[in-house]
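Encoded as structure tokens, the structure appears first; notes follow it.
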Amino acid sequence: MTWRQWGPDVGVGLLVLLAGLLEVANLPAWYGDDPRPAAALVALGVATAVALCRHLPGAALGLVWVLGVAQVMTGTQLLMVELAIGAVAFGTARWGSTATVWASALSIPAAAVVGVLYIDPDIFYAALDQAGFRSLVQETARLSDRWQITAAVLGMSVLGVPWLAGLALRFSDRARQSRESQVTAEAARDQAEEIARLREDQARLARDVHDVVGHSLAVILAQAESAQYLDDVDTQGLKQTMANIATSARSSLDDVRQVLTSTSGSAPGRTHEVDLESLVEGARASGQEILSSEVGTPQPMPPELEVVAFRVLQEMLTNAIKHGRRDEPVHVERHWEGDLRIEVRNAIDTGADETRPLALATDGVPGPAEPVRPAPPGQGLDGMRRRLEAVGGHLDVRRRADPPTFTATAWVPVRPR
């Protein structure tokens, strides 16, 4: 604690001490032996308790009890300045610990009992007379041996009212702090949700760019490699291959622009039939033979589901072109059976690198299959799996040994779930 924090409390204590010393100086001489030294100590103790009641309420309560017991045992004159003990009652209820609050609550009736049982009636009458309450003295005297009721009521009022006021402010302050904590917690929650949303947007953007660029580069690479096998005199074939590369690159740039400028990552103005068929045609332009089939009646899909179907098929074709055999066709099937089921199957070279990224099959598609290794997070097959799971779909990946094929099957819901 700094002197600035203690300053107001010490100032109030000094005012109480000054009032007490003035009261002590005016004590009448008919009280017998000079009561002023003991009364001055009482005034000093009360002033000290008042100064301590905010920062050290437990110590203030203990000091008051010491003063009260000493005063009863020695028969020291009651002082009107002792009404300031009400400030201590207020402070213990307002700023004290839980134990201090309970101790102060029990102290109020305990003090009344002590006062009734042990305080000399003459001292009580003298204190009231000194305070100018002569009518109350006369009424109390008329009640004879029932003066204790008056003393108990006065004591309970002097201590109980401030104590209740302090307790009310204590609970009011706690309610305010609770409201502030709730507001802070809500602000922190909103901030966390915003950060999570931004991270999800960042992850989605990374997946979209990965899918678009990976697919276009795979197609362009396949087209460039096929150009190496053209005859030197086949200038028309070379021109066609270069035109296909330019078309693929231009389409890739358009897709990247749409991904970067769209908050949803969708491609406006496209339908799922055009999107999926355009992907198949673009893969064919790379020189890869693709056999495409569609079963059932295509159904309209919300834009966000169209995007998922488009990106998933895009990644499937990319993997088939990059990792499949060029001399074998890629089979693409679309089944409209409640949900949209997309299946891409390609032949693989048995001597291919078994460590390339693959996702573990988790769905019960019939047929023998070898476990495949998980892809790096956020890329390739793992990215497809996350897209599908986010909309209620799922992905199954299988590598079969006879014949050596790789099959990826995706289930895309046609309605949001």
Listed by range, helices (runs of 4 or more DSSP H) wholly within the range 63-130 having at least 1 residues that are modelled with pLDDT of 90 or more are 85-95, 98-118
Working only within the range 207-248, note down all residues that are of a type in the set (G, A, S) and surrounded by 14 or more Cβ atoms within 10 Å (Cβ to Cβ). G214, S216, A218, A222, A224, S226, A227, G237, S248
Number of positions in the range 293-319 that are touching an Asp or Glu at 6+ places or on another chain (Cβ under 8 Å) and farther than 18 Å from V259 by Cβ: 5
Among A60, A38, A47, the single one that is touching a Cys at 6+ places or on another chain (Cβ under 7 Å) and either outside any helix (DSSP H, G or I) or not β-branched (V, I, T) (or both) is A60
Among the residues in the range 335-342, are any at pLDDT below 50 and not hydrophobic (A, V, I, L, M, F, W, C)? no
Does I321 satisfy the criteria of being of a type in the set (V, I, T), at pLDDT below 85 and either part of a strand (DSSP E or B) or under 18 Å from E289 (Cβ atoms) (or both)? yes
(1) out of contact with any helix residue (DSSP H, G or I) (no Cβ under 8 Å at 6 or more places or on another chain); (2) touching a residue at least 12 places away in the same chain (Cβ under 8 Å): which one isn't true of V46, the others all being true? (1)
Could you tell me whether any residue of the range 196-203 is loosely packed, with under 14 Cβ neighbours inside 10 Å and either touching a Ser or Thr at 6+ places or on another chain (Cβ under 7 Å) or of a type in the set (G, A, S) (or both)? yes
Of residues in the range 234-278 being under 39 Å from the mean Cα position of the chain (by Cα) and hydrophobic (A, V, I, L, M, F, W, C), the one modelled with the lowest pLDDT: A267
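The values are calculated or read from the model by the stated rules, or taken from the named source; none is laboratory data. Nothing here was measured: the structure is a model prediction, and the numbers come from that model. Every residue, glycine as well, gets a Cβ built from its backbone with ideal geometry; the counts of neighbours run over all protein chains shown.
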